[in-house]
Amino acid sequence: MATLQAQSHIFSSSSSSPSGQRKLRASLHVPVNLRTKVVSLPKLNLGGLSLRQDDTATSLTQPPRPTTASEDEHLVSKIHAILDAVADRAEMHAIIGAQRNDWNHLFTNSINAISLTASLMAGISSIPVGEAAPHMLAFKLSSVILFTAATGMMLITSKIQPSQLAEEQRNATRLWKQLGRSIETTLALRAPTQRDVDEAMEKVLALDKAYPLPLLPGMLEKFPEIVEPTRWWPKSQRKQSPQAGSNGWSHELEEEMRGILRVLKAKDEQQYITLGQLVLNMNKTLAISGPLLAGLAAISSGLIGSPALGPMPAFLGVIGGVLATAVHTLEHGGQVGMVFELFRNCAGYYRRLQEEIESNLGETDVQKRENGELFEMKAALQLGRSLSDLKGLASYASPSCEDEDMKEFAGKLF
């Protein structure tokens with residue numbers, strides 16, 4: 001230590017000398033045992049960072065990230081691909097919906113014109129103007145041909161129900177656009193995850209199944225045995241909520257949701273199922289009656305002029321054609337198939353809300369539910385009610401309340 005202090009004193013004295021031309025060499029002699037000794041540093045943990053000492057170098061490492069930038073870009077590319085497909089589906093359904101709506105008007109007007117013309121020809125051919133009148137056979141054959149053509153066209157339109165097809169495409173267009181907006185909202189709020197991609201794919205496949213584009217085969221059943229609500233959503237999946245505490249849920253809110261659920265099942269969904277069944281039976285009757293009356297008119301027109309039957313064939317031909325026109329106008333001009341599809345979609349609308357409520361109430365861990373306050377607001381918007389109106393439905397959750405005691409419906413939109 002004395003040697004170090006002396007050499008340091010000499011170096012400082014020489015460097016401050018006024019001559020400035022003398023050059024001194026100061027040497028620092030370190031013992032060999034100090035130069036070869038390795039100083040070991042303890043391992044430090046600094047918020048996930050570790051400092052490690054090796055024999056040659058000290059390295060700073062950190063734990064691997066859950067996803068890399070390339071993986072994030074890959075997920076964004078996937079979600080954008082799904083978004084492009086959703087936009088394309090919405091446009092396709094809109095175009096096809098307009099086309100099938102035009103079909104409905106075209107078939108309705110054409111069949112009515114053909115049926116009325118055939119009825120007129122049947123009436124003219126029955127007018128006695130002399131023996132072997134040359135025009136009688138021409139009018140009679142024309143009437144038979146037109147009635148036969150009208151019968152075939154009525155059978156086709158009764159099978160495919162163009163007005164119902166148009167309603168399916170209109171509703172599908174709305175749902176595809178809704179899905180696209182949902183995906184865009186996810187992209188605007190945060191970076192997408194693999195779960196977002198999987199859920200979007202499931203929703204796309206569910207919508208494709210609910211509203212197919214092909215006419216034949218793959219067309220939805222137009223006259224089902226049992227009316228079921230339309231299902232265009234995948235099986236509900238509970239989402240992990242990032243909030244802590246009660247997550248917006250309380251005992252009062254749970255009772256409120258149970259009351260809403262009970263009213264939806266007993267009143268809203270059941271109402272549209274009943275109405276749908278009623279309209280379906282009416283549509284079945286009209287779909288059978290129209291072609292049957294037109295076929296009867298075609299047969300009767302062929303028998304006009306038969307001495308054994310007298311004026312009866314002409315009467316049945318004219319009256320049958322007029323009745324067939326009236327029935328077909330009521331069925332397709334009144335768009336009975338569209339009304340049935342509308343009721344079935346409304347029942348599906350309330351069925352979906354029921355499953356969302358059941359999914360949240362069935363989860364015992366409150367943290368795994370959707371935020372209660374947000375879910376309550378969404379339910380109010382879907383039912384067309386205010387938050388205070390929803391609280392009034394909590395009384396229906398009581399077991400003592402019978403279904404007959406429910407005086408109001410949960411939804412006010414439909």
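Observations, loosely collected:
- With neighbours defined as other Cβ atoms within 10 Å of a residue's Cβ, the residues 339, 76 order from fewest to most as 76, 339.
- Projected label points at residue 282 and residue 95, each 7 Å from Cα along the beta carbon direction, are separated by 3.5 nanometres.
- Estimated inter-spin distance, residue 367 and residue 389, nm [label 7 Å along Cα→Cβ]: 3.7 nm
- Take the Cβ atoms of residue 330 and residue 127, set R0 to 35 Å, and the FRET efficiency comes out at 0.70.
- Candidate aspartates and glutamates for bridging to residue 284, where Cα separation is under 16 Å - those fewer than 8 sequence places away on the same chain excluded: 221, 225, 331, 341
- Descending by average beta-carbon neighbour count within 10 Å, the peptides 311-322, 135-146 line up as 311-322, 135-146, the highest first.
- When each of the peptides 95-108, 168-181 is scored by how many other beta carbons lie within 10 Å of its residues on average, the order from highest to lowest is 168-181, 95-108.
- Each peptide among 183-193, 285-295 gets the average number of other Cβ atoms lying within 10 Å of its residues, and from highest to lowest they stand as 285-295, 183-193.
- Set 222/368; 209/391; 265/391; 235/265; 159/209; 235/412 screened for pairs whose C-alpha atoms are more than 29 Å apart: 222/368; 209/391
- By the rule of a C-alpha distance below 13 Å, with chain neighbours fewer than 8 residues away ignored, the aspartates and glutamates paired with residue 407 are 268.
Each reported figure results from applying straightforward, stated rules to the coordinates on display, with no laboratory input. Since the structure is predicted, the reported quantities are computational estimates derived from the model, not experimental observations. Because the Cβ atoms are built from the backbone with ideal geometry, glycine has one as well, and the counts that use them run over all protein chains shown.
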